[in-house]
Each structure stands twice: as C-alpha cells, then as structure tokens.
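Everything below concerns the one structure shown next.
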Amino acid sequence: MPKNKKRNTPHRGGGGGSGAAAATAGGQHRNVQPFSDEDASIETMSHCSGYSDPSSFAEDGPEVLDEEGTQEDLEYKLKGLIDLTLDKSVKTRQAALEGIKNVLASKMFYEFILERRMTLTDSIERCLKKGKSDEQRAAAALASVLCIQLGPGIESEEILKTLGPVLKKIICDRTASIQARQACASCFGVCSFIATDDITELYSTLECLENIFTKSYLKEKDSNVICSTPNTVLHISSLLAWTLLLTICPINEVKKKLEMHFHKLPSLLSCDDVNMRIAAGESLALLFELARGMESDFFYEDMESLTQMLRALATDGNKHRAKVDKRKQRSVFRDVLRAVEERDFPTETVKFGPERMYIDSWVKKHTYDTFKEVLGSGMQYHLQSNEFLRNVFELGPPVLLDAATLKTMKISRFERHLYNSAAFKARTKARSKCRDKRTDVGEFF
C-alpha cells in the first residue's frame, strides 16, 4: 500500500532477524533434492513422519484446526509442511503449499511466519518459477495469505519485491496455463494492495493488469456481443485486481483512469460470460462511487444508454441462459442500477463473534469480497484477530474475549451435525408437501 494511502497500522514485530537465521528456521532439510520429475519414494517421505500425506491435512480445513489443534501442534505441522515444499514429488509440494495456506487462512501465526518468511518466500518463488499450473496456483494463493498475515510493512514489501517480477512474468506469459495466470493476477493485486510502498510500482502494476483485461473490450469491427474465450477468466481476475488497486490510488491517478475506461468498460456488459458481466457491472458501480466522491455533481455523458443496458440485465429473461446465472445476474444488476441512478447502496451486515461490520459502499464491498475469496471461511477469524484487516475496515483494535465467552460462542461438531440434520429434514418435508399439492392439482384436472 503506498505511503500516502497507508492506514495507521501499528508496526508489529521487528526485522525478524537476518536472512540466514530466517532461512534455517523451521529446520529445512536442505539436502533434499528439489524439483525432480521422479515421484518421491517411501524412504524420501520418512524424514517427516506424520506428514507423509499433507493433502489429508490440507483437506481438514479450519473446522478441524479450531476444534482440535493447539497453537503448538499447528506450528509443528507447519514446520513439516514447509519442509515438504522442497520435496521431489510435484503432488507432495502442491499439497504442502495448500496445507500451509489453509492453516494461515484459519489462524494468526504472525511471530512464527515472521521468523520463516524468507524460507517461505524462497519456496513460493521456486514453485512459481519451476512448477506447472496447479503448483503455481497453490504457490500464488499462499503468497496472498502470507502477505495478509504480515500486513503492510518492510517484511511484506520484501516479499512483493521478490515475487512481483515472477508474478508479472507469468501473468503476461501466453504459454503459461490460464489458471496459473489467473491465480497470479489475483495474487498480484492482493499483495500490491497490502505491500506496495512505491507509487510508481503501483502504477506499473495497474498498467500490467490493464493490458490484460482491456483485450476483452469491444472492438469497432466486432458485433454487439463479446464472445467469451478461454482467456476470459484471466481478464475477469485482472479487472477485479485492477479495481481493488484503484481504491488506494491518489485522486489524480483515479481521474486519469476514469477518463480512460469509463466509456469502454460498459462494453464488457455485452459479454456472453455471466461472470464477466457481473465483474464489469460491479466495477462500474465502484467507479461511479469514486467519481462522485471526488465531484458531487459528476456527470456521465452516456448515462441514458448505460442505464438502459443495466436495466436490461437487471430484468434479463433470456431463455438461453441458465436459471442460476440469470438469478445471480438480476440480483447484482438491481444493486448496480440503483447505485448508478440513485447513488444508493444496499447496506450489508457481516457478523463475526460478538462484533458486526456494516458494508455500506462499493469500495468496502469489493475489498471485503477480495479478501473473503482468499481466506474463505477463515475470513471471520481474521476480522476478529488480524490487525491489518481490522485497520482496513476501520474496526479498531481486536476485542479481547475471555475463555468462558469463547466457549459459549463455540458450537460443537455434534451440535452442528444435529442442526444440519434438522434443517435437512425440514427442507425434505417442505418439498414433499409441495409435490403432494402438485399431484392433487394434476388429479383434479
């Protein structure tokens, strides 16, 4: 995050020691030969007894971590998973990356990660450079969570300086897999949002992402509909990452970007991919919010044609589109239309522990959605405990809860199972009644 936009986050921790000390922390087995195409044998895996199947730990998810794992147990497991990022087997390395990401997404390990950030950064860089599609995706996802754990500061800046050029290279590499490029674009946006200290680097990142998603813009020779391609998912991720970074840009830069994209971005609303239409619609709503925040009497020349297009999408009944897609699209574009026409935003409430957060703007919504996509079900925990996220959403210092309060808030797995079973039975009963009514009507006619 650039200096002129950086929030007043209290600096946590020191420099974390020298690079050499950080590199040896966690007990890495440097004698393991990394990145051979050969599968690891049982003997190779035996040096980390208890981690021979890291994928099983990765699949456990935050639920198991919250209920069964103490901080010490998880740190011990993390050390083993960090060792396995150097394994010969591609599957083992990928599972280890995913396992580390799942742990860091579900709990805070600031001190632990601070000591081992150099080792983790080296492993991520190596997997991005030498790995293939799935491994690169796992490495990019871990890089995002790593920066979220550390928050803005020298440590995250060092990570971005190391990984930024690699991420940019993969994003622009047409020979790389689309899924890897998509993950790297999202990661580049998140890490730059957190760690960018140099404003020129922020502008460079914006330009890189622009060069990707603008390829989906409607060309003069094209028809009125943009046909999706395999690259569309990459363009969507680049657009969303670009929109996120625009929220921390200085006003002058925001004005330049609005002039460049305000009249071209609506062309993406005609794409035949529903996710692209939704991403473009939400980005437009956010741009209008930024523009009106700078100038209360902001005037958009093509307002009439834009509102007609938005209204059509908000009431779309095209039979050729899936019902789920239409329902999702109509819901989003009703809110977008309201934002553009009436300057209104439907406030949402997010509950986490004893606290509540009100999402009352498109900027806040887009920021929340971005971090929710990265952290998944761990978002609630991080909203409670992560100083960086609490600062972003202006929640103040973390609320300290005693053990008794935490116990009353916690639902056991058995209780959750009973609740889900009761809900399932209720839904089944309701469906049966509905079917019975339809049968009666059929017999009557």
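How much of the accessible area of the stretch 175-315, in percent, comes from carbon and sulfur atoms when a 1.4 Å probe is used? Carbon plus sulfur share of accessible area: 51 percent.
Modelled this way, with points 7 Å down the Cα-to-C-beta line, the labels at Phe299 and Lys323 are 4.7 nm from one another.
Net charge of the neighbourhood of Asp335, taken over other residues with C-beta under 14 Å away and scored Lys/Arg +1, Asp/Glu -1, is +2.
Measuring max minus min along each principal axis, the C-alpha atoms of the stretch 234-284 give extents of 34, 19, 15 Å (largest first). Projecting label points 7 angstrom from Cα along Cα→Cβ for Arg311 and Thr162 puts them 5.5 nm apart.
From most to least packed by mean Cβ count within 10 Å, the peptides 347-355, 235-243 give 235-243, 347-355.
Sparse packing (at most 12 other Cβ atoms within 10 Å of the Cβ) combined with a DSSP loop state is found for the following trypsin sites (Lys or Arg not before Pro) in the stretch 168-206: Arg174. The order of the peptides 134-147, 277-290 by mean Cβ neighbours within 10 Å, most packed first, is 134-147, 277-290. In whole Å, how far is the Cα centre of the stretch 107-148 from that of the stretch 362-394? Comparing the Cα centres of the stretch 107-148 and the stretch 362-394, I get a distance of 19 Å. Placing a pseudo-label 7 Å from each Cα along the Cα-to-Cβ vector at Lys425 and Val350 gives an inter-label distance of 3.5 nm. Normalised by 2.2 N^0.38 Å, with N the number of residues, the alpha-carbon radius of gyration of the stretch 250-346 equals 1.09. Assign one of three labels to the stretch 112-262, namely rounded, prolate or oblate, based on the Cα gyration tensor with a ≥ b ≥ c the square roots of its eigenvalues; rounded applies when a/c is under 1.5, prolate when it is not and a/b is larger than b/c, and oblate otherwise. Oblate shape, in that a/c is at least 1.5 and b/c is the bigger or equal ratio.
Judged by the gyration tensor of its Cα atoms, with axes a ≥ b ≥ c, the stretch 125-168 is oblate; a/c meets the 1.5 cut and b/c is at least as large as a/b. For Glu75 and Lys264, a Förster radius of 35 Å and the Cβ-Cβ distance give a FRET efficiency of 0.10, rounded to the nearest 0.05. Distance from the C-alpha centroid of the stretch 264-285 to that of the stretch 233-247: 12 Å, rounded to the whole angstrom. For the listed peptides 205-218, 297-310, 385-398, a ranking on the average number of other beta carbons within 10 Å per residue, highest first, reads 205-218, 385-398, 297-310.
The values are calculated or read from the model by the stated rules, or taken from the named source; none is laboratory data. Given the structure is predicted, the values throughout are model-derived calculations rather than measurements. No Cβ is skipped: glycine too gets one built from the backbone with ideal geometry, and neighbour counts run over all protein chains shown. Ligands, DNA and RNA are stripped out before the accessible areas are found, and what is left, the full protein with its side chains, is counted by its heavy atoms. Shrake-Rupley method; radii C 1.70, N 1.55, O 1.52, S 1.80 Å.
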